[in-house]
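First comes the structure, then the notes that go with it.
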């Protein structure tokens, strides 16, 4: 019951402490993490947007530079000169030396006929009139095409400029190396898993991404989502991977430059931080739980101990109170009984005196009278003994202060009982400390106690057994134990054993006052008398006596 | 031989009467009374050798007060206290006030005689010693 209350208390303290500790800890952890994550994500997005913008600028520069070169070449030579394929080839070489990435160069007249061509494909004489880009160049003057397959059946895009010469239009057209262009775009990628590519308005890839997808296949982003400003957003792919995209429209061409980053890879550091945080919080929680449980256990144990001690003290107090009250009552009762006993004793004495006289001697019942009177006297004596015992064996009730040699007291008592014990095959063993100090007390009363306890031990054993008497000196007290190998004292009787008139001996044999008197004697000497016993394992009475220096003489 | 002068004071009439009868039967003449006041009056009149005094006498003067007064009037008188309850304090007080000894009730006659003998012996004179011996002789006979 009590255990249960303490156990409940313990859990209450633990739960409450943990609740109060964990709530702010976890809250703080989550908030800090969220803030950090937000900042970190924002930083990554900003970085990727910045990357997209700067790459877009580079690609724009690439395209405008090449457009400009084409324009300059178209403007500086006439169609006639241009149609010289050797010259055209020379021009291609110079263009590649100065800028690079040009695959071929061709001249197309206003009817769409390619009149001159230098490059790896055999495209001279092809007519481009039906090609969508042809019309665009003719109308706009300068045109960068989307990637398409064309006659060569390989994805590519062209830059074309129109020149008006003597009311005739012709077109200088160059194909840009898609590999080089792709690589230039790809330079914008971030990290190991990042990518950079271009898509057109329809979302078709215009450059080859680093990892998945090919030119002219639909790209992973929908360009509709991207406005004038550079934008970034997250998208979950089919493989459940979070990808961060940033896109910015080129100025030179309606292409969207997209930089992509694997969120997990980019956030690896953040995740590492998060994991570290979780680990630290986890370890913290374990430590807090362990400490809380440990300290609470310790505290509750302390409480249990204090409680037990207090209960013991209470029990002792109750016992002392009880004995004190009984002592007072006993004194009163003793007086009330002793006075009539005194009268009875005198009257029987008087009867005996009279029975001595001759006239009674002659009576036939003289012996009967004498016997009866004697019996009365005997029983008065018995009653007197009970009353006197109740007030202490000796006439003196209060202990007298004198020098007490505890070992000597024990030895004297053992001498007294040894013969009787031996007769019952009871072995009395003594183990006495040699360094016992002489204390102030009442030797006769102490002897009475020891005698009483040893008598009880002998009675308890009956025949065949051992009594061990031991004395030890502590710092502030002398401890004396008397242990018997008797049947022990049942727990139910242990509480009553020091009560007056409590006896297990047959009527007339024991007054039930021995232990009570012993208890009060030891208590008056400032010590304690206690019993440790278990049924079947004998009984041990322990006396402690405070070491009080005897008065100097 | 001169008889010893002994006074027994006890408020319990039955006790006093019987004790006196028994002492008389043993040729020890005693005076008796049942209160402290009466005892003082008697002590003033007679130089008792020994006074046997009950401590607890309800109403009026108790044994201790009587003892104090007796010792004032006749310091040489030996007082043996009788007490029915074993209060050490009162007995001790009695001893400090000059009582010779105390006996716990119920008393055996032999014990009282022994105490009387001791008390008489203590007085030291030859007469008293003879009285003491006579009483001791009685004890042996009983």
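In the range B:69-98, how many residues are at pLDDT 85 or above and within 14 Å of another protein chain (Cβ to nearest Cβ)?
Final tally of qualifying residues: 3.
So if I check each of A:409, A:481, which one is more than 30 Å from residue A:341 (Cα to Cα), in contact with a helix residue (DSSP H, G or I) (Cβ under 9 Å, 6 or more places away or on another chain) and crowded, with 17+ Cβ neighbours inside 10 Å? Even if it seems obvious, please write down each step before you answer.
Details: A:481 fails: in contact with a helix residue (DSSP H, G or I) (Cβ under 9 Å, 6 or more places away or on another chain).
Sole residue among the options that is more than 30 Å from residue A:341 (Cα to Cα), in contact with a helix residue (DSSP H, G or I) (Cβ under 9 Å, 6 or more places away or on another chain) and crowded, with 17+ Cβ neighbours inside 10 Å: A:409.
Against the definition (at pLDDT 80 or above and more than 10 Å from chain B (Cβ to nearest Cβ)), how does residue A:366 come out, yes or no? Working first, answer last.
Values: at pLDDT 80 or above: yes; more than 10 Å from chain B (Cβ to nearest Cβ): yes.
The answer is yes for residue A:366.
Looking only at the range B:112-130, filter to residues that are out of contact with any strand residue (DSSP E or B) (no Cβ under 6 Å at 6 or more places or on another chain) and within 13 Å of another protein chain (Cβ to nearest Cβ); which one of those is nearest to residue A:382 (Cα to Cα)?
B:112
For (1) without any contact (Cβ under 8 Å) to a residue 40 or more places away in the chain; (2) loosely packed, with under 11 Cβ neighbours inside 10 Å; (3) touching a helix residue (DSSP H, G or I) at 6+ places or on another chain (Cβ under 6 Å); (4) under 24 Å from residue B:105 (Cβ atoms), each residue gets a yes or a no:
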{"position": "A:330", "(1), (2), (3), (4)": "no, no, yes, yes"}
{"position": "A:334", "(1), (2), (3), (4)": "no, no, yes, yes"}
{"position": "A:349", "(1), (2), (3), (4)": "yes, no, yes, yes"}
{"position": "A:352", "(1), (2), (3), (4)": "yes, no, yes, yes"}
{"position": "A:366", "(1), (2), (3), (4)": "yes, no, yes, no"}
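Residue check, residue A:270 against (1) touching a strand residue (DSSP E or B) at 6+ places or on another chain (Cβ under 9 Å); (2) in contact (Cβ under 8 Å) with a residue 40 or more places away in the chain, all met but one. Which one?
(1)
Could you tell me which of the residues A:307, A:261, A:284 is under 26 Å from residue A:519 (Cβ atoms), away from chain B (no Cβ under 14 Å) and surrounded by 13 or more Cβ atoms within 10 Å (Cβ to Cβ)? Walk me through how you get there before you give the answer.
Details: A:261 fails: under 26 Å from residue A:519 (Cβ atoms); A:284 fails: under 26 Å from residue A:519 (Cβ atoms).
Only one candidate qualifies: A:307.
Listed here are the residues, each with its yes/no results for (1) assigned by TED's automatic domain parsing to the domain that holds residue A:146; (2) surrounded by fewer than 17 Cβ atoms within 10 Å (Cβ to Cβ); (3) farther than 16 Å from residue A:162 by Cβ.
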position	(1), (2), (3)
A:65	yes, yes, yes
A:72	yes, yes, no
A:79	yes, no, no
A:84	yes, yes, yes
A:98	yes, yes, yes
A:102	yes, no, yes
A:112	yes, yes, no
A:122	yes, yes, yes
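Residues checked against (1) closer than 19 Å to residue A:50 by Cα; (2) in contact (Cβ under 8 Å) with a residue 40 or more places away in the chain; (3) buried (at least 19 other Cβ atoms within 10 Å of the Cβ); (4) in the same structural domain as residue A:63 (by TED's automatic domain parsing):
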position: A:203; (1), (2), (3), (4): no, no, no, yes
position: A:213; (1), (2), (3), (4): no, no, no, yes
position: A:217; (1), (2), (3), (4): no, no, no, yes
position: A:225; (1), (2), (3), (4): yes, no, no, yes
position: A:239; (1), (2), (3), (4): no, no, no, yes
position: A:247; (1), (2), (3), (4): yes, yes, yes, yes
position: A:255; (1), (2), (3), (4): yes, yes, yes, yes
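Listed residues A:392, A:349; which is at the interface with chain B (Cβ under 8 Å from one of its Cβ atoms), more than 60 Å from the chain's Cα centre (by Cα) and modelled with pLDDT under 80? Before the answer, list the steps.
Values: A:349 fails: modelled with pLDDT under 80.
None of the others qualify; the one that does is A:392.
Could you please let me know if residue A:153 is in a strand (DSSP E or B) and surrounded by fewer than 18 Cβ atoms within 10 Å (Cβ to Cβ)?
Values: in a strand (DSSP E or B): no; surrounded by fewer than 18 Cβ atoms within 10 Å (Cβ to Cβ): yes.
No; evaluated as a whole, the condition is false for this residue.
Within the range A:336-347, how many residues are farther than 14 Å from residue B:16 by Cβ and either in contact (Cβ under 8 Å) with a residue 12 or more places away in the chain or touching a strand residue (DSSP E or B) at 6+ places or on another chain (Cβ under 7 Å) (or both)?
Number of matching residues: 4.
Across the range A:412-440, what is the total count of residues that are buried (at least 20 other Cβ atoms within 10 Å of the Cβ) and on the phi > 0 side of the Ramachandran plot?
Within the range A:412-440, residues that are buried (at least 20 other Cβ atoms within 10 Å of the Cβ) and on the phi > 0 side of the Ramachandran plot number 0.
I'd like the full set of residues that are in contact with a strand residue (DSSP E or B) (Cβ under 8 Å, 6 or more places away or on another chain) and without any contact (Cβ under 8 Å) to a residue 12 or more places away in the chain, limited to the range A:65-115.
From the range A:65-115, those in contact with a strand residue (DSSP E or B) (Cβ under 8 Å, 6 or more places away or on another chain) are A:66-67, A:70-71, A:73-75, A:78-79, A:82-85, A:88-89, A:91-92, A:95-96, A:101-115; that's our starting set.
Hit for the range A:65-115 is A:96, nothing else.
Taking the options B:107, B:70, name whichever one is assigned to a helix (DSSP H, G or I) and in contact with a helix residue (DSSP H, G or I) (Cβ under 8 Å, 6 or more places away or on another chain).
Values: B:107 fails: assigned to a helix (DSSP H, G or I).
When all the criteria are applied, what remains is B:70.
The values are calculated or read from the model by the stated rules, or taken from the named source; none is laboratory data. These numbers come from a predicted model, not from an experiment. Reconstructed Cβ throughout: ideal geometry from the backbone, glycine too, with neighbour counts over all protein chains shown.
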